[in-house]
Amino acid sequence: MESTRWLYAVLSGALLVGTFAFISFGVPPAQIEAGAWAQKIFYFHVSSAMISFGLFFGGMLAGVGWLAWKEPRMSWASRSMVEIGWFVSTLVLLTGPIWARPVWGKYWNWEPRLTSFAFLWFAYAAYLLVGPAVEDRDKRRSLQAVYATLAFLSVPIVIYSTRFVPVSNQLHPPRIDMTPRMAAAWGLALVALSLFFLGVVYLRYQVEALTDTIADLKARRLEGSPARG
């Protein structure tokens, strides 16, 4: 089992490094005004956004699974995917300005896509505060599951936000035309980052499971302790 994990880590890491090298040296920039390097952040920026949406969707489904069956593994999976999804969405907000500044002349613009994504980020940031606020474990799991489900409503808003106003009134492009070489680079980036973050989700899931196991052991020890006094 340990050797399988190491093999996964090595292969996913090699794919990620290889993808970065291919994008850096094998794909011409699509926007000259963005600069040769700044524009290439696009491949990781867009891929990270899609991965965060996928993780939030998985977190919602696992949360619904907990509400339906009260299976702890569902809660572990939901929390792990939402937490890592929030981290990935943070990368989206950090990498976007690197691309935007040379093209738009500004790091941020209050338009539908960017504003709605910022709202999504804050919505899921609040999720991270839900758990510590509730002591009872099952109630905490249920609250997080409901929150993960409601917060996911912000994802389709982000996806379709560019349709809310005319294209002429927003800087963020509704779509990007790519050459076959660019599409291949973007596909590689999406696969490499997906594998990498799925591995991170798995590690976070293991931590969540271990935390619950330790809590159960402590509870049993306290129950079995003789009364004092």
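The values are calculated or read from the model by the stated rules, or taken from the named source; none is laboratory data. Just so it is clear, the structure is predicted and the values come from calculations on it, not from any experiment. Glycine gets a Cβ as well: all are built from the backbone with ideal geometry, and neighbour counts include every protein chain shown. Quick note on the areas: whole protein, heavy atoms, side chains included, nothing else; ligands and nucleic acids left out. Shrake-Rupley method; radii C 1.70, N 1.55, O 1.52, S 1.80 Å.
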For the chain, the accessible surface attributable to carbon and sulfur atoms (probe 1.4 angstrom, ligands and nucleic acids excluded) amounts in percent to 70
Among trypsin sites (Lys or Arg not before Pro) in the range 22-120, those in a DSSP loop whose Cβ has at most 15 other Cβ atoms within 10 Å are LYS70, LYS106
If unit charges are put on Cβ atoms (+1 for Lys and Arg, -1 for Asp and Glu) and the dipole of the chain is taken about its Cα centre, the option from VAL200, PRO97, THR179 lying farthest towards the positive end turns out to be VAL200
Scoring the chain by relative contact order with C-alpha pairs under 8 Å, at least six apart, yields a percentage of 28
Surrounding charge for ILE159, neighbours by C-beta under 13 angstrom, Lys/Arg +1, Asp/Glu -1, total +3
Measuring from its Cα centre, the range 1-112 shows a charge dipole (+1 at each Lys and Arg Cβ, -1 at each Asp and Glu Cβ) which, in debye to the nearest 20, is 100
For the range 159-229 the trypsin sites (Lys or Arg not before Pro) that pass both the DSSP coil test and the at-most-15 other-Cβ-within-10 Å test are ARG175, ARG228
Those chymotrypsin sites (Phe, Trp or Tyr not before Pro) from the range 53-145 that are DSSP loop and have at most 16 other Cβ neighbours within 10 Å turn out to be TYR107, TRP108, TRP110
Heads up, the range 104-186 by the C-alpha gyration tensor (a ≥ b ≥ c square roots of eigenvalues; a/c under 1.5 rounded, else a/b over b/c prolate, else oblate) looks prolate
Rounded to the nearest 500, the 222 nm mean residue ellipticity computed for the chain from DSSP H runs (n ≥ 4, each -39500 (n - 2.57)) alone is -26500 deg cm²/dmol
For the chain, dividing by residue count, accessible area per residue (probe 1.4 Å) in Å² works out to 58
With the convex hull built on the alpha-carbon atoms of the range 1-117, volume per residue in Å³ sits at 111
One can check that the equivalent ellipsoid of the chain, built from the alpha-carbon gyration tensor with semi-axes equal to the square roots of five times its eigenvalues, has lengths in Å, largest first, of 39, 23, 13
Hull volume per residue for the range 68-140, using the convex hull of the C-alpha atoms, in Å³ is 99
A student applying the Cα gyration tensor rule (rounded when a/c is under 1.5; otherwise prolate if a/b is larger than b/c, oblate if not) would label the range 127-229 oblate
Computed about the Cα centre, the charge dipole of the chain from +1 Lys/Arg and -1 Asp/Glu charges at the Cβ has a magnitude in debye, to the nearest 20, of 140
As straight-line cross-link partners of LYS139, the qualifying lysines (C-alpha separation under 27 Å, not fewer than 8 residues apart within one chain) are LYS70, LYS218
